[in-house]
Amino acid sequence: MINDLTSIEPGLDNVVAAETRLCLVDGAAGRLVLRGHDLADLADWSFEAVLGLLWEDLAPAPTTGGDIRKALGAARRTVFARTEALLPATDTLSPVEALRLLLSSLADAEDTPHHVLAVAATPVFAAAIARRRAGKAPLEPDASLGHAHDFLRMLHGKTPAPDHVRALNAYLVTVADHGLNASTFAARVISSTQAGLLSAVVGGLCALKGPLHGGAPGPVLDMLDAIGDEAGIRPWIEAALANGERLMGFGHRIYRVRDPRADVLKGVVGTLRDGGTRIVFAEAVEAEALAQLARKKPLRPLETNVEFFTALVLEALGIPRDSFTNIFAIGRMAGWTAHVLEQEKLGRLIRPQSRYVGPMPGVQTLAV
Ligand code: ACO
């Protein structure tokens with residue numbers, strides 16, 4: 001029989017589509033493990049060291065944190081040399097569309113190893129895009145600096161405070177990899193056709209862009225602004241849920257308990273609090289949202305996800321709201337590149353099937 005496919009999972013909810021040595025996302029326990037290390041134990045690692053962990057035995061050198069830092073610094077400078085000429089083409093685009101365009105400009109013929117190039121290019125492009133939108137010229141990378149430090153310097157045009165560098169580094173590590181999320185799956189599918197790593201990570205970015213994935217943290221701040229003050233919290237959330245809206249920063253396809261990344265980032269926000277009231281207000285919104293979600297969806301555990309506290313971290317670092325997805329991409333580029341390298345080693349085309357439910361030739365359907 002043609003197309004005899006009886007079981008179907010429209011969102012591939014419980015489908016296991018790959019075997020990986022990179023990352024375990026345990027949704028029942030709320031646990032995230034990267035190559036044998038719990039997320040909480042990686043929070044003090046440099047982003048470069050986490051890249052070394054992920055790339056180890058998948059790519060030739062560099063694989064140690066120090067060598068990766070040098071290779072990224074050199075590659076940031078290579079990328080910067082042609083960035084300025086590309087920027088005018090981004091003027092009518094949103095920041096994430098602009099990043100999509102600039103990443104697409106990287107050629108398969110580039111000499112720099114493509115996983116290094118992709119990771120190095122993202123902060124150079126993201127900083128240049130944000131500055132251009134503010135009417136400022138892009139700033140040259142400093143190859144001697146770490147990835148998080150140099151990005152903040154290129155963005156703000158001054159030496160960042162050490163606690164800001166630590167916070168951004170911790171954020172990049174926290175979002176570095178997360179199993180077969182939509183963007184990583186997209187990247188692996190593209191890679192499986194042998195299209196090349198650079199094309200695969202552009203596809204990853206395209207998937208990240210959506211509000212159900214990496215586009216949520218900007219809207220989290222929009223939500224906090226719309227709520228306004230403590231008195232507005234309960235009625236605003238009640239009205240949003242009554243309208244069938246989704247509360248940004250809550251819910252997850254895999255986690256049935258609290259997203260472990262949320263707590264790591266909540267700790268990071270605490271280090272940046274500066275005596276401000278934002279975190280206190282956000283915690284009050286979180287508590288009310290969780291209470292109302294539990295009442296409205298008693299059978300579907302909906303907890304805080306990574307994007308809620310991401311929004312507060314990035315806001316405290318002075319990053320423009322419309323650039324948040326690009327900052328997510330700087331971190332997730334680690335996971336995309338590692339998964340693509342792993343997929344390339346596997347060498348198996350990803351090609352699932354669909355169940356045909358359309359008409360067959362010669363079989364009439366009655367017009368209603
Ligand atoms: N607010 C209100 N209701 C929600 C939310 C939410 N944030 N999330 C899920 N629900 C509801 C759905 O409306 C649905 O209700 P229904 O059964 O009455 O239709 C039910 O819970 C189940 O939702 P699903 O769509 O099956 O959940 P899914 O696993 O597909 O969604 C997702 C996961 C996309 C993250 C969802 O929770 C959501 O839209 N959250 C808000 C956006 C967000 O925070 N995105 C960032 C995710 S983290 C990341 O990607 C890095």
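The values are calculated or read from the model by the stated rules, or taken from the named source; none is laboratory data. The structure presented is a predicted model; accordingly, all values stated were derived computationally and were not measured. Counting neighbours? That spans all protein chains shown, and the Cβs are built from the backbone with ideal geometry, glycine included. Heavy atoms of the whole protein, side chains included, go into the accessibility calculation; ligands, DNA and RNA do not. Shrake-Rupley method; radii C 1.70, N 1.55, O 1.52, S 1.80 Å.
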Counting Lys and Arg as +1 and Asp and Glu as -1, each charge on the Cβ, what is the dipole of the range 144-231 about the Cα centre in debye, to the nearest 20? 480
Which helices of the chain meet both criteria: a Cα extent of 27 Å or more along the helical axis and a mean Kyte-Doolittle score no lower than -0.5, with helices taken as whole DSSP H segments? 65-86, 114-133, 324-346
Efficiency by 1/(1 + (r/R0)^6): what FRET value for ALA284 and ALA74, r their Cβ-Cβ distance, R0 = 35 Å, to the nearest 0.05? 0.15
Accessible surface, the chain, averaged per residue in Å² (probe 1.4 Å): 47
With a 1.4 Å probe and all protein chains kept in place, how do ARG351, ARG253 rank by accessible area, largest first? ARG351, ARG253
Return a whole-number percent for the relative contact order of the chain, with Cα pairs under 8 Å and 6 or more residues apart as the contact set. 24
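By how many nm would the segment from GLU19 to ALA294 lengthen if fully extended, with 0.36 nm per residue of separation less the alpha-carbon distance?
Result for the pair: 95.6 nm of gain on full extension.
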Can you give the log10 of the normalised intensity I(q)/I(0) at q = 0.08 Å⁻¹, computed with Debye over equal Cα scatterers of the chain? -0.42
Charged-residue dipole, Cβ positions (Lys, Arg, Asp, Glu), the chain about Cα centre, Debye nearest 20: 360
For the range 217-316, size of Cβ-based charge dipole, Lys and Arg +1, Asp and Glu -1, in debye: 560
Which order do ILE190, ILE237 take when ranked by solvent-accessible area (1.4 Å probe, heavy atoms of all protein chains), largest first? ILE190, ILE237
Mean residue ellipticity (222 nm) of the chain, computed from DSSP H runs ≥ 4 via -39,500 (n - 2.57), nearest 500: -17500 deg cm²/dmol
Do any chymotrypsin sites (Phe, Trp or Tyr not before Pro) in the range 284-362 lie in a DSSP loop with no more than 11 other beta carbon atoms within 10 Å, and if so, which? TYR356
Please report the accessible area of TRP45 (heavy atoms, 1.4 Å probe, ligands and nucleic acids excluded) in Å², nearest 10. 70
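Using a 1.4 Å probe on the protein heavy atoms, what percent of the accessible area of the range 217-316 belongs to carbon and sulfur?
Within the range 217-316, the accessible surface is 54 percent carbon and sulfur.
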